[in-house]
Amino acid sequence: MTRNTTSRLISLLAALAIFATPALILLWMTAVPGHSFSGPLPATTQAEHALATRLRTHVVAIASEPHNIGHPDALERSAGYIERQLAGMGYVVHRQWFEADDRRARNIEVMIRPGVPDSRTLVVGAHYDSAYDAPGANDNGSGVAALLELARAMSRLDRRAMMRFRMVFFVNEEPPYFQTHKMGSYVYATHLAQTGEPVAGMLALETIGYYNDRPHSQRYPFPLDLLYPDKGNFIALVGMTSSRGFVRKATGAFRETAHFPSVGGSAPGFLQGIDWSDHWSFAQVRVPALMVTDTAVFRYRFYHATGDTPDKVDYDRLAQVVTGLNEVITNWRD
């Protein structure tokens, strides 16, 4: 082999490495077990129809008006509704109070106790505040409604569950507290870490109620648009790369039982949208965490807008997603 041939071969191999490495990293981040459900969705069952009706009732009650630290009376009405619903299910409701700009705010928590006291914990959470002047029906009334119904379904497991389940309704997820020490989930996650309680992971239910079957109704930050479908009719399970194993496990479990389209993957937090929810707070204390989402701004044009009203939520599909998540969570083993 001549010197020129050797030089050209080295250059070719170097070029291949330069182009192949990012592709391999992308595939590593987005690889998840199982196959997404495809084809027509199954007909809504009688149980799912009843669930959809309850979900609608929750969203209307929680998210028909702006409710956040700038709209404190409405925020209190939403919090009070959540607490009354949980108490009516038989739970002891715990409040975690803290100060934010000289105003008191609270996270709301109920717990499903395990049969074995030293079992590990799985946290399932959703933020109940809305952004700015948005009513927040999808962001995040849909997630709060889903968490209420998961709590209802799982209440029968108290003192018999294989794990400890903490169901938490967070305040102050939206600006101006987003990713600050006054974000409700950050307050909660740091306190939980200080107790030394063994936590297996955290799932954040974030904007999960809008679906669109039209081609090109779905967008992504580059380079994820190279891999994922262009119809906004799926649910996504997303985490940062530090939670890759947790994301893979949850996505695989969802696909085993849920007859609903899904995507999953992990990516660095600097990629747009990847850390835009309460799972960010748990990553700060080294707890594996993911966000369950309809992808929000990448699909939903009313994101953080006054048009985010209860009529925009697809309650039948939301009920199917909640049914699938219930199977994933109640059967979680760590």
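The values are calculated or read from the model by the stated rules, or taken from the named source; none is laboratory data. Everything quoted here is computed from the prediction, not taken from an experiment. FYI the Cβ positions are ideal-geometry reconstructions off the backbone, even for glycines, and counts take in every protein chain you see. Side chains are part of the model used for accessible areas, which takes the heavy atoms of the whole protein and leaves out ligands, DNA and RNA. Shrake-Rupley method; radii C 1.70, N 1.55, O 1.52, S 1.80 Å.
Residues in the stretch 24-39 that are touching a Pro at 6+ places or on another chain (Cβ under 8 Å) and either modelled with pLDDT under 70 or open to solvent by 50 Å² or more (accessible area, probe 1.4 Å) (or both): 3 in all.
Results for (1) more than 30 Å from Leu41 (Cα to Cα); (2) without any contact (Cβ under 8 Å) to a residue 60 or more places away in the chain; (3) of a type in the set (A, V, I, L, M), shown as yes or no for each residue.
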| position | (1), (2), (3) |
| --- | --- |
| His127 | no, no, no |
| Leu148 | no, no, yes |
| Arg152 | no, no, no |
| Pro175 | yes, yes, no |
| His181 | yes, yes, no |
| Thr195 | yes, yes, no |
| Tyr211 | no, no, no |
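Any residue at all in the stretch 288-297 that's of a type in the set (A, V, I, L, M) and at positive phi? Yes: one or more hits. Does any residue of the stretch 153-169 turn out to be among the polar types (S, T, N, Q), at pLDDT 95 or above and buried (at least 24 other Cβ atoms within 10 Å of the Cβ)? No: the stretch 153-169 contains no residue that is among the polar types (S, T, N, Q), at pLDDT 95 or above and buried (at least 24 other Cβ atoms within 10 Å of the Cβ).
Restricting attention to the stretch 55-94, and to residues there that are without any contact (Cβ under 8 Å) to a residue 40 or more places away in the chain and within 23 Å of Leu157 (Cβ to Cβ), which single residue is most open to solvent (accessible area, probe 1.4 Å)? Filtering first and then ranking leaves Arg84.
Kindly evaluate Pro40 against the criterion of being closer than 30 Å to Leu226 by Cα and not aromatic (Phe, Trp, Tyr).
Details: closer than 30 Å to Leu226 by Cα: yes; not aromatic (Phe, Trp, Tyr): yes.
Spelling it out, Pro40 is indeed closer than 30 Å to Leu226 by Cα and not aromatic (Phe, Trp, Tyr).
The single condition among (1) modelled with pLDDT of 95 or more; (2) under 28 Å from Thr330 (Cβ atoms); (3) out of contact with any helix residue (DSSP H, G or I) (no Cβ under 8 Å at 6 or more places or on another chain) that Val313 does not satisfy is (3). Of all residues being among the small types (Gly, Ala, Ser) and not in a helix (DSSP H, G or I) in the stretch 40-69, which is modelled with the lowest pLDDT? Just the residue, please. By that ranking, first place goes to Ala43. The set of residues in the stretch 105-137 being open to solvent by 40 Å² or more (accessible area, probe 1.4 Å) and either under 19 Å from the mean Cα position of the chain (by Cα) or at pLDDT 95 or above (or both) consists of Met111, Arg113, Arg120, Tyr132, Asp133.
Restricting the stretch 189-240 to residues that are modelled with pLDDT under 95 and outside any loop (DSSP other than H, G, I, E, B) leaves a set whose member that is most open to solvent (accessible area, probe 1.4 Å) is Leu226. The set of residues in the stretch 95-104 that are on the phi > 0 side of the Ramachandran plot and either open to solvent by less than 30 Å² (accessible area, probe 1.4 Å) or free of Cβ contacts under 8 Å to residues at least 12 places away in the same chain (or both) contains only Asp102.
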